[in-house]
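Structure first, commentary second.
The values are calculated or read from the model by the stated rules, or taken from the named source; none is laboratory data. Everything quoted here is computed from the prediction, not taken from an experiment. Glycine gets a Cβ as well: all are built from the backbone with ideal geometry, and neighbour counts include every protein chain shown.
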Ligand SMILES: Nc1ncnc2c1ncn2[C@@H]1O[C@H](COP(=O)(O)OP(=O)(O)O)[C@@H](O)[C@H]1O
Ligand SMILES: [Mg+2]
């Protein structure tokens with residue numbers, strides 16, 4: 001089954017085309033990375049697919065539901081951990097999770113069960129009573145992902161999940177993301193090549209709002225005729241005509 005499909009998805013801001021005729025298809029259970037330098041159009045793509053920003057033209061489908069016509073249905077199928085993590089800094093980790101359970105109207109037993117499950121999955125035991133604002137970036141991001149998972153989304157969007165994290169925090173977050181693989185369809189954006197290569201089933205490389213290639217890391221290396229994914233990325237991004 002196809003989890004996400006876009007057809008000529010386009011977003012213009014005045015004379016700037018942030019996303020330019022994006023057409024792609026992502027299978028259920030896949031971990032798909034959108035890779036590209038700053039300004040490539042990754043966040044704008046996520047904003048359209050999560051109904052936060054209306055496309056200028058084209059359309060996208062989440063589990064067959066249109067992001068322009070079935071907005072409410074799409075919102076019930078997805079969750080986002082945004083580029084700027086959206087945790088309430090003055091609340092504890094537990095209170096943040098309880099708050100989101102409240103938003104979804106979970107009654108007490110379900111709320112407690114869900115929080116216990118996510119605390120285990122994301123290994124949040126040691127920080128559960130700490131104020132979110134006092135946590136390191138890696139822990140805040142983990143909390144943000146736990147919050148996104150409360151609604152049991154079919155599709156999870158992670159926008160630059162490891163931006164600004166140190167090497168250890170990044171590697172720990174990779175383990176968390178790997179543990180989610182197969183359970184939920186994941187769209188991840190990053191500008192770290194090694195991250196896309198390490199985690200993804202397939203990778204789409206964007207530049208100037210366009211999708212330059214879309215393949216497995218091995219396929220992309222082969223296409224650029226190199227053993228180094230980083231070299232392949234540079235070749236593809238620099239080689240495409242502007
Ligand atoms: N709200 C906005 N208004 C005007 N331009 C925007 C807006 N959001 C993004 N852009 C522009 O669109 C392009 C793509 O941005 P973005 O999707 O954030 O890229 P990325 O996430 O890949 O770094 C950039 O040139 C950016 O400046
Ligand atoms: Mg971005």
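Every residue in segment 25-36 that is more than 13 Å from ligand 1 (Cβ to nearest atom) and assigned to a strand (DSSP E or B), please.
Step one: filter segment 25-36 for residues more than 13 Å from ligand 1 (Cβ to nearest atom), giving 25-32.
The answer is 25, 26, 27, 31, 32.
Of the residues in segment 70-91, at least one is within 16 Å of ligand 1 (Cβ to nearest atom), in contact with a strand residue (DSSP E or B) (Cβ under 7 Å, 6 or more places away or on another chain), closer than 22 Å to residue 160 by Cβ and assigned to a loop (DSSP other than H, G, I, E, B).
Residues are listed down the side, and each one gets a yes or a no for (1) within 16 Å of ligand 1 (Cβ to nearest atom); (2) touching a residue at least 24 places away in the same chain (Cβ under 8 Å); (3) buried (at least 16 other Cβ atoms within 10 Å of the Cβ):
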position: 145; (1), (2), (3): no, yes, yes
position: 160; (1), (2), (3): yes, yes, yes
position: 167; (1), (2), (3): no, no, no
position: 177; (1), (2), (3): no, yes, yes
position: 182; (1), (2), (3): no, yes, no
position: 185; (1), (2), (3): no, yes, yes
position: 199; (1), (2), (3): no, yes, yes
position: 210; (1), (2), (3): yes, yes, yes
position: 214; (1), (2), (3): yes, yes, yes
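Considering only residues in segment 138-165 that are within 16 Å of ligand 2 (Cβ to nearest atom) and part of a helix (DSSP H, G or I), the one that is nearest to residue 48 (Cα to Cα) turns out to be 144.
Filtering segment 37-54 to residues that are within 15 Å of ligand 1 (Cβ to nearest atom) and in contact with a helix residue (DSSP H, G or I) (Cβ under 6 Å, 6 or more places away or on another chain) leaves only 53.
Can you find a residue in segment 55-76 that is touching a helix residue (DSSP H, G or I) at 6+ places or on another chain (Cβ under 6 Å), under 16 Å from residue 209 (Cα atoms) and within 13 Å of ligand 2 (Cβ to nearest atom)? Give the derivation first.
Within segment 55-76, the first condition is being touching a helix residue (DSSP H, G or I) at 6+ places or on another chain (Cβ under 6 Å), and the residues that meet it are 55, 60, 62-63, 65, 67.
Still in the list and also under 16 Å from residue 209 (Cα atoms): 55, 60.
Restricting the remaining residues to those that are within 13 Å of ligand 2 (Cβ to nearest atom) gives none.
Among the residues of segment 55-76, not one is touching a helix residue (DSSP H, G or I) at 6+ places or on another chain (Cβ under 6 Å), under 16 Å from residue 209 (Cα atoms) and within 13 Å of ligand 2 (Cβ to nearest atom), which makes the answer no.
Residues in segment 5-14 that are in contact (Cβ under 8 Å) with a residue 12 or more places away in the chain and out of contact with any strand residue (DSSP E or B) (no Cβ under 8 Å at 6 or more places or on another chain): none.
Quick check on segment 10-18. Is at least one of its residues outside any strand (DSSP E or B) and either at pLDDT below 95 or within 30 Å of residue 179 (Cβ to Cβ) (or both)? Steps first, answer last, please.
Here is the first cut: in segment 10-18, the ones outside any strand (DSSP E or B) are 14-15.
From the residues that got through so far, the ones that are either at pLDDT below 95 or within 30 Å of residue 179 (Cβ to Cβ) (or both) too are none.
No, that holds for no residue.
Yes/no per residue for (1) in a helix (DSSP H, G or I); (2) out of contact with any strand residue (DSSP E or B) (no Cβ under 9 Å at 6 or more places or on another chain); (3) under 22 Å from residue 201 (Cβ atoms):
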| position | (1), (2), (3) |
| --- | --- |
| 23 | no, no, yes |
| 40 | no, no, yes |
| 47 | yes, no, no |
| 53 | no, no, no |
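Please find, within segment 15-38, the residue that is nearest to ligand 2 (Cβ to nearest atom) out of those that are free of Cβ contacts under 8 Å to residues at least 40 places away in the same chain and under 19 Å from residue 212 (Cα atoms).
At the first step, the residues of segment 15-38 found to be free of Cβ contacts under 8 Å to residues at least 40 places away in the same chain are 15-16, 25.
With the extra rule that they be under 19 Å from residue 212 (Cα atoms), the set shrinks to 16, 25.
Numbers: 16: 15, 25: 22 Å.
Restricting to residues being free of Cβ contacts under 8 Å to residues at least 40 places away in the same chain and under 19 Å from residue 212 (Cα atoms), the top hit is 16.
Counting only residues that are free of Cβ contacts under 8 Å to residues at least 40 places away in the same chain and either within 15 Å of residue 160 (Cβ to Cβ) or surrounded by fewer than 17 Cβ atoms within 10 Å (Cβ to Cβ) (or both), segment 40-63 holds 3 of them.
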